[in-house]
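The values are calculated or read from the model by the stated rules, or taken from the named source; none is laboratory data. Quantities reported herein were computed from a predicted structural model and do not represent experimental measurements. With ideal geometry, Cβ positions are generated from the backbone for all residues, glycine too; neighbour counts draw on all protein chains shown. Surface accessibility is based on the protein's heavy atoms, side chains included, excluding ligands, DNA and RNA. Shrake-Rupley method; radii C 1.70, N 1.55, O 1.52, S 1.80 Å.
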Amino acid sequence: MQLILLGPPGSGKGTLAADLEELYRIPHISTGDIFRRNIREKTALGQEAEAYINSGDLVPDTVTIAMVDARLAQDDCRQGFLLDGFPRTLVQADALGRMPVLRNQPLTAVLNLVVRDETIIKRLSGRRMCPKCGRGYNIHSQKPAVAGICDDCQAALTQRADDQEETVLKRLQTYKEQTEPLIAYYREQGLLFDADNEGTIEACFQAVRQLLDDRLSRS
Ligand code: ADP
Ligand code: ZN
């Protein structure tokens, strides 16, 4: 199964992706996570991406496309993959369509997470991350057992540099300008499925699961 998760920042892509990865046993490829790891490890890629990310802009297409191309060529993607945060521009979507891996493994579905702007702003400002294992939390909805501490590895939770309110508004604007056109692009290809994620992530997960099971049983 080859899936793309589409949706504005804060729509719950990362959380849903973790559930889908476990259910379908396909690697979860988050471009945001790969960039953040490179920034932490101070690689050349990380240094190139950091300023764009922290100001709410997109990393240039050439850099991002090369990174995803290399990732999808790895062996674990032979059973399928789940892309989270890629493609984010029409140029990236066209490049993905031409990647060798898609020739044998065409896209199964593009899941479009639908969430209102006000919900997004609230969620992102409450979002916290474990710097050690990457697990996500939210001070409103997904609290850790002990405030400010990761349940899994006891590290102190941090806020992402790009989750400050000003940067959140910029990311939303970037999304509307550059990523939203992908909805029509994939709808025309008959691949797009909307999934409402105003409610709980569990409700969204069950809806998506139903939708994918229906789609797989018909193909
Ligand atoms: P979110 O979906 O919450 O905005 P991500 O973790 O997916 O966050 O991405 C964080 C940032 O990483 C983006 O705002 C952008 O700067 C950069 N980034 C991630 N994916 C891409 C991409 N496909 N193209 C360009 N930049 C990207
Ligand atoms: Zn942790």
Kindly check whether there is at least one residue in the stretch 32-41 that is farther than 15 Å from ARG160 by Cα and over 17 Å from the mean Cα position of the chain (by Cα). yes
Would you mind finding the one in GLN142, GLN178, GLN159 that is open to solvent by 60 Å² or more (accessible area, probe 1.4 Å), within 19 Å of GLY56 (Cβ to Cβ) and in contact with a strand residue (DSSP E or B) (Cβ under 8 Å, 6 or more places away or on another chain)? GLN159
Looking at the structure I just gave you, is ALA155 within 16 Å of ligand 2 (Cβ to nearest atom), over 22 Å from GLU21 (Cβ atoms) and modelled with pLDDT of 95 or more? no
Can you pull out the residues in the stretch 41-75 that are closer than 16 Å to ARG88 by Cα, in contact (Cβ under 8 Å) with a residue 60 or more places away in the chain and not in a helix (DSSP H, G or I)? GLY56, ASP57, LEU58
Among the residues of the stretch 76-94 satisfying the criterion of being open to solvent by 20 Å² or more (accessible area, probe 1.4 Å), touching a residue at least 40 places away in the same chain (Cβ under 8 Å) and under 22 Å from LEU191 (Cβ atoms), which is farthest from ligand 2 (Cβ to nearest atom)? LEU90
Which one of the conditions (1) open to solvent by less than 50 Å² (accessible area, probe 1.4 Å); (2) under 20 Å from the mean Cα position of the chain (by Cα) does CYS150 fail to meet, given that it meets all the rest? (2)
Test set (1) of a type outside the set (Phe, Trp, Tyr); (2) open to solvent by 50 Å² or more (accessible area, probe 1.4 Å); (3) away from ligand 2 (no atom under 16 Å from the Cβ) - ARG37 fails condition number: (3)
Filter the stretch 71-94 for residues that are farther than 21 Å from LYS176 by Cα and within 14 Å of ligand 1 (Cβ to nearest atom) and give the result. ARG71, LEU72, LEU82
Among the residues in the stretch 195-208, are any open to solvent by 90 Å² or more (accessible area, probe 1.4 Å), touching a residue at least 24 places away in the same chain (Cβ under 8 Å), on the phi < 0 side of the Ramachandran plot and not in a loop (DSSP other than H, G, I, E, B)? yes
For the stretch 158-185, how many residues are within 16 Å of ligand 2 (Cβ to nearest atom) and within 21 Å of GLU118 (Cβ to Cβ)? 2
The number of residues in the stretch 133-148 that are within 12 Å of ligand 2 (Cβ to nearest atom) and in contact with a helix residue (DSSP H, G or I) (Cβ under 7 Å, 6 or more places away or on another chain) is 2
